Amino acid sequence: MKIAIMGAMPEEVAPILEKLANVEEVNYAKNKYYKATYKGTEVVVAYSKIGKVFSTLTASTMLQMFACDVLLFTGVAGGVNPQLKIGDLVVASKLAQHDLDITIFGHAHGYVPEGSVYVESDKDLVVLSKLVAQEMGVSVREGIIATGDQFVADETRKEFISSTFQADALEMEGASVAVVCDALSVPFFVLRSISDSADMDAGFNFEEFVQSSAKVSADFLMNMIDKLVAK
Ligand code: ADE
């Protein structure tokens, strides 16, 4: 097994890189990939840079060039579900692109012909996350994550994403990574910790909490990886 571990920003993968051995940096397509081992299992870690295009490129590279056979994404998100507070964890059951819009032709938001509005995460990985949460004594919400190329800091847009996609959280990379993994039949998992509530305070809160929330997500993911490499 070779595990791809992705984030979008340096803060999201830094806590993971610290824990790896035999780290080798490989430069490819204007990005850095860290080939390493963790407890004897091969891993490849990268942060893609923000947004759907960069995350698509990185996910494709992880699977096709580095031949990873499972992809785990860790990072932060804006909370949409009012029950989600800063630092809370969300595991994606399925993901959608909230900014994909050809509704003028009668299609649903997030849908293009031959695609689907939602892409589902790997069920076994979601089950594993629940086991890890139980063992750690932390609560993790399984929910819908909506992805788009915009930092949402606006109640109207947030409400649209909530009502159109029943989203619990939103971010800028998960659904594009999901589309790549689904197309290549590679199991994937998207984990996020809340950094803000996608409201008018979101910019301020994001800057304040991005690092601590990114670490919450990365530390949880490492506990999942402990289980995966022990299998
Ligand atoms: N990631 C974290 N917070 C976000 C927000 N408010 N909008 C988009 N992506 C985010």
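Could you check which residue among 60, 195, 185 shows the biggest mean-square fluctuation in a GNM of the chain with a 10 Å Cα cutoff?
Of 60, 195, 185, the Gaussian network model singles out 185 as fluctuating most.
With a point put 7 Å past each Cα toward its Cβ, work out how far residue 130 is from residue 219 in nm, to one decimal.
About 2.5 nm, to one decimal.
If you average the C-alpha positions of segment 177-213 and of segment 1-72 separately, how far apart do those two centres end up, in angstrom?
Cα centroid to Cα centroid, the span is 16 Å.
With charges set only on the Cβ (+1 for Lys and Arg, -1 for Asp and Glu), what does the dipole of segment 1-133 come to about its Cα centre, in debye to the nearest 20?
Charge dipole, segment 1-133, about its Cα centre: 180 debye, nearest 20.
With a 1.4 Å probe and every protein chain kept in, tell me what percent of the accessible surface of segment 2-230 is carbon plus sulfur.
Within segment 2-230, the accessible surface is 53 percent carbon and sulfur.
Express the accessible area of segment 2-230 per residue in Å², computed with a 1.4 Å probe while the remaining protein chains stay in the model.
44
DSSP loop trypsin sites (Lys or Arg not before Pro) in segment 24-87 with at most 10 other Cβ atoms within 10 Å of their Cβ, which ones?
30, 85
Measuring from label point to label point, each 7 Å out along Cα→Cβ, what is the residue 229 to residue 23 span in nm?
Using points 7 Å along Cα→Cβ, the separation is 1.3 nm.
From the square roots a ≥ b ≥ c of the eigenvalues of the alpha-carbon gyration tensor of segment 45-172, which class results: rounded (a/c under 1.5), prolate (a/b over b/c), or oblate?
Note, shape of segment 45-172 comes out oblate.
Under the rule that an exposed site lies in a DSSP loop and has at most 10 other Cβ atoms within 10 Å, name the longest stretch of the chain with no GluC sites (Glu not before Pro) of that kind, not counting the sites themselves.
Excluding the exposed sites themselves, the longest stretch runs over 115-231.
Once the dipole of the chain is set up with Lys and Arg at +1 and Asp and Glu at -1 on Cβ about the Cα centre, which of 161, 119, 37 lies farthest towards its positive end?
After comparing all options, I get 37.
Charges on Cβ only, +1 for Lys and Arg, -1 for Asp and Glu, centred on the Cα centroid of the chain; of 5, 143, 211, which one is farthest towards the dipole's positive end?
So the residue we want is 5.
If you average the sequence gap of Cα pairs under 8 Å that are 6 or more apart and divide by the length of the chain, what percent do you get for the contact order?
The value is 27 percent.
So what's the back-of-envelope 222 nm ellipticity for the chain, counting only DSSP H runs of four-plus at -39500 (n - 2.57) apiece and dividing by all residues, rounded to 500?
My calculation for the chain gives -11000 deg cm²/dmol from helical runs alone.
At q = 0.08, 0.12 Å⁻¹, what log₁₀ I(q)/I(0) does a Debye calculation on the Cα points of the chain give, no solvent, two decimals?
-0.26, -0.59
Let's see if you can work this out: charge +1 on each Lys and Arg Cβ, -1 on each Asp and Glu Cβ, no other charges. What is the dipole magnitude of the chain about its Cα centre, in debye to the nearest 20?
Computed charge dipole of the chain: roughly 660 debye.
The values are calculated or read from the model by the stated rules, or taken from the named source; none is laboratory data. Not measured: the values here are computed from a predicted model. All Cβ positions, glycine included, derive from the backbone under ideal geometry; neighbour counts span all protein chains shown. All accessible areas refer to the heavy atoms of the entire protein, side chains included, with ligands and DNA or RNA removed. Shrake-Rupley method; radii C 1.70, N 1.55, O 1.52, S 1.80 Å.
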